[in-house]
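The values are calculated or read from the model by the stated rules, or taken from the named source; none is laboratory data. Every value quoted in this text rests on a predicted model; they were computed, and no experiment measured them. With ideal geometry, Cβ positions are generated from the backbone for all residues, glycine too; neighbour counts draw on all protein chains shown.
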Amino acid sequence: MDLTGSVDRVLDLRTLDLATQPLPGPDTAASRVVGDDYLVLYLSASEEFDDNGHVVEVLERFEQDCAGLEAAVSELWGPAVSVDLRPFMDSMVRGEAVPELPGFLAGIVSEVSAWHLEDRSICVGVGLCDTHGPVVLIAAAGDLRRHL
């Protein structure tokens, strides 16, 4: 992971006009997801895995990268708060409606580190898209706070 580039991309989420973001084209679909009121960036992604034993090693490396990213952003915005997304996943499993941003995030990560700013939340987290990967480091912007 390029820490400086990732920090810059997270900082850009602070001022980006989420309502005017175009849907990703075929060349950007793997790097960002746009919803009605949110944007998720894939800052880093591993390959998929044939050997699940390798997943733990890669996941640990990505979690270290995420901790470094969180520390760098926290120097500018203050400490992040941890947001547990498992209740949203539980609701989805029960077939209940879940708001877009927490629902999307809960499909990938079980928790995020979030900074709740005036008009939006910015969060980072690491998760596994599928049982065989890829492991992803994501950053997201949207109104997560109103769903907590």
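Restricting attention to region 32-72, the residues being at pLDDT below 85, of a type in the set (Val, Ile, Thr) and either surrounded by 18 or more Cβ atoms within 10 Å (Cβ to Cβ) or closer than 16 Å to residue 10 by Cβ (or both) number 2.
Residues of region 80-94 that are exposed (fewer than 15 other Cβ atoms within 10 Å of the Cβ), touching a Ser or Thr at 6+ places or on another chain (Cβ under 9 Å) and not polar (S, T, N, Q): 81, 84, 86.
How many residues, within region 112-142, are more than 13 Å from the chain's Cα centre (by Cα), farther than 11 Å from residue 62 by Cβ and part of a loop (DSSP other than H, G, I, E, B)? Step through it out loud before you land on a result.
So in region 112-142, the residues more than 13 Å from the chain's Cα centre (by Cα) come out as 116-120, 130-134.
With the extra rule that they be farther than 11 Å from residue 62 by Cβ, the set shrinks to 116-120, 130-132.
Still in the running and part of a loop (DSSP other than H, G, I, E, B): 117-120, 130-132.
Number of matching residues: 7.
Just need a number here: residues in region 89-122 that are hydroxyl-bearing (Ser, Thr, Tyr) and free of Cβ contacts under 8 Å to residues at least 12 places away in the same chain.
1
Results for (1) in contact (Cβ under 8 Å) with a residue 24 or more places away in the chain; (2) out of contact with any Cys (no Cβ under 8 Å at 6 or more places or on another chain); (3) part of a helix (DSSP H, G or I), shown as yes or no for each residue.
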| site | (1), (2), (3) |
| --- | --- |
| 64 | no, yes, yes |
| 70 | yes, yes, yes |
| 76 | yes, yes, yes |
| 83 | yes, no, no |
| 87 | no, yes, yes |
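For region 109-143, taking the residues that are modelled with pLDDT under 85 and either among the hydroxyl-bearing types (Ser, Thr, Tyr) or out of contact with any Asp or Glu (no Cβ under 9 Å at 6 or more places or on another chain) (or both), the one that is surrounded by the most Cβ atoms within 10 Å (Cβ to Cβ) is identified as 128. Just wondering, is there one or more residues in region 8-20 that are at pLDDT below 90 and assigned to a loop (DSSP other than H, G, I, E, B)? Within region 8-20, one or more residues are at pLDDT below 90 and assigned to a loop (DSSP other than H, G, I, E, B).
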